[in-house]
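See structure below.
The values are calculated or read from the model by the stated rules, or taken from the named source; none is laboratory data. These numbers come from a predicted model, not from an experiment. For neighbour counting, all protein chains shown are included, and Cβ atoms are generated from backbone atoms with ideal geometry for every residue, glycine included. The protein model used for the area step is the full one, side chains on, heavy atoms only, and it has no ligands, DNA or RNA in it. Shrake-Rupley method; radii C 1.70, N 1.55, O 1.52, S 1.80 Å.
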Amino acid sequence: MSAAPRHIAIVGAGQAGLRCAETLRANGFDGRVTMIGDEPHLPYERPPLSKGVLAGHGDAGAIHLRARDAFGKEAAQLDVDLLLDREVTSLDATARRLTLRDGMRIDFDRCILATGGRARPWPNTARHGSIVTLRSLDDAYRLRERLRPGQRMLVIGAGFLGLECADAARGRGVAVTVVERGEQLLNGRLPSTVAAQLRGRHQANGIAFRFGATIANLAERANRTPGGANDANAASTPAVRLTLGSGEVLDGDFCLVATGQVPNDALAARAGLATADGIVVDGWCRTSSPHIFAAGDCARFPYGTPPRTVRLESWQNAEQQSRVAARNAMCADGQAVRYALLPWFWTDQAGWNIQMLGWRGPDEPPLTWVVRTATGSENERCVWFGLEDGVLVAAVAINSGADVAPLRTLIGARARFDATQWLDAGTRLAALSRALKS
Ligand SMILES: Cc1cc2nc3c(=O)[nH]c(=O)nc-3n(C[C@H](O)[C@H](O)[C@H](O)COP(=O)(O)OP(=O)(O)OC[C@H]3O[C@@H](n4cnc5c(N)ncnc54)[C@H](O)[C@@H]3O)c2cc1C
């Protein structure tokens, strides 16, 4: 690669973008840093959007990762040229130039793409404001406005996002029906017993489910004109009508489409960089152009043995991959560090904090799951060990956050399951992991 860079541009002012800027400065990069984001907000974390922000807990402003003055040029500030509410519309990988929608051009030595993703929209639906998605802070504010007692919310998709929103809505007195094409919630990400228990908890809270459901039609009524000729008819027509393949009709006041995310990789694709459901990077976060890196939800990277490529939509990946991308963007080739992680994901719903370690592709053989229940907790606090040929490769901790660090160590060491020790509630997992280290 060429001489040490003097100007690094970061596209995307989300969690990964911010961590890139911080990492550059923390590692002594004293050149120019420009960060461009198309949202009007300072960088913020998205996990609270479907949890505390919707539920109305705490201060929504607290999700911002840095205050405005943190980007200034004083000592101890980041000294970042922060351009918010500005979209990068073109990337010229050869000329090393970004062009913004307003025509501004930014030349760079290295560029890091941290463009994240967007909610997958429902195809061919009219847009009258009653079929919504949740990705941004503004989406969350709009959705929260609708969560009023007596409202009927339909949710398409029983994944993490759909379920967390359903839970928050139910907590605000909304009648909720979740429609899922699979036979279980969370798409096989949990041991089937846990998925069934979680489903039971949601049902006990009053959430209705339709599993194995196909959607024949999703219709949205146009906004009615108050006092208009058809007003009386319109008032009795539901805002949203979902017709299932079974013929069942579900009416709602609004519908949340929570069917996943699509990566923001079009900018990279137009620039001629390799993309495949995400911006393809190598183990050092380099794209197919030597001066351009990518990190976070937008990046598809090699993972596991034998290596496959994955794109992880997780707080942890945004947090860690961005740091590696930034380190490698500022340094010479020989000093580059390789990205490696043990995937970790969490969700809060139905009164449970669920933390998952390890990642399995849908085509990989299923794991054997063994549960360890904390004494006297009647399954409220427990750890599930995910075993492959007797070796710990994944874990699910329910209301057991303190066990996550030791589980990480045990998985990292590919520890062999020992029923006598591991299922003895009197043996602390921390002690087992310490024994491994010593
Ligand atoms: C509601 C919700 C709840 C979540 N809950 C959890 C959770 O409980 N646990 C967990 O591990 N993860 C969770 N996640 C996932 C986690 O928040 C994401 O993985 C993380 O935000 C990814 O960060 P990022 O910086 O890669 O992308 P983003 O946060 O999407 O940031 C990318 C930014 O780049 C901007 N951008 C894109 N293109 C351009 C362009 N051309 N020009 C300028 N700007 C551009 C985007 O608008 C965006 O602001 C959740 C996500 C959502 C949406």
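Observations on the model:
- Hey, VAL396 at pLDDT 95 or above, closer than 16 Å to ALA195 by Cβ and either assigned to a helix (DSSP H, G or I) or in contact with a Gly (Cβ under 9 Å, 6 or more places away or on another chain) (or both) or not: yes
- Which listed residue, of ARG408, ARG360, is at pLDDT 95 or above and either within 25 Å of the chain's Cα centre (by Cα) or over 18 Å from LEU198 (Cα atoms) (or both): ARG408
- Among the residues of the stretch 90-133, those that are small (Gly, Ala, Ser), open to solvent by less than 30 Å² (accessible area, probe 1.4 Å) and outside any loop (DSSP other than H, G, I, E, B) comprise GLY117, ALA119.
- If the condition is being closer than 30 Å to PHE160 by Cα and modelled with pLDDT of 95 or more, then the stretch 315-338 contributes TRP315, GLN316, ASN317, ALA318, GLU319, GLN320, GLN321, SER322, ARG323, VAL324, ALA325, ALA326.
- Evaluation of PRO290 against (1) surrounded by fewer than 17 Cβ atoms within 10 Å (Cβ to Cβ); (2) within 16 Å of the ligand (Cβ to nearest atom) (one fails), failing number: (2)
- ARG118 of a type outside the set (A, V, I, L, M, F, W, C) and either more than 12 Å from the ligand (Cβ to nearest atom) or over 27 Å from LEU161 (Cα atoms) (or both): no
- Filter pass, ARG146 being farther than 26 Å from GLY358 by Cβ and open to solvent by 40 Å² or more (accessible area, probe 1.4 Å): yes
- Neighbours by Cβ (under 9 Å, 6+ apart or cross-chain): first from the stretch 350-374, outside the structural domain of ARG199 (by TED's automatic domain parsing); second at pLDDT below 90 and aliphatic (A, V, I, L, M): ARG372/ALA425; THR373/ALA425; ALA374/ALA425
- Test: residue in the stretch 126-138 that is in contact with a Cys (Cβ under 9 Å, 6 or more places away or on another chain) and closer than 30 Å to THR23 by Cβ: yes
- Looking only at the stretch 313-347, and only at residues there that are within 7 Å of the ligand (Cβ to nearest atom) and in a strand (DSSP E or B), the one that is surrounded by the most Cβ atoms within 10 Å (Cβ to Cβ): THR347
- Matching helices (runs of 4 or more DSSP H) fully within the stretch 399-438 where at least 2 residues are touching a residue at least 24 places away in the same chain (Cβ under 8 Å), open to solvent by less than 30 Å² (accessible area, probe 1.4 Å) and not assigned by TED's automatic domain parsing to the domain that holds THR305: 404-412, 429-437
- For SER136: the one exception among (1) away from the ligand (no atom under 15 Å from the Cβ); (2) out of contact with any strand residue (DSSP E or B) (no Cβ under 6 Å at 6 or more places or on another chain): (1)
- Given (1) modelled with pLDDT of 95 or more; (2) open to solvent by 60 Å² or more (accessible area, probe 1.4 Å); (3) closer than 28 Å to SER246 by Cβ, index of the condition GLU164 fails: (2)
- Subset tally (residues that are within 25 Å of PRO40 (Cα to Cα) and within 11 Å of the ligand (Cβ to nearest atom)) for the stretch 139-161: 4
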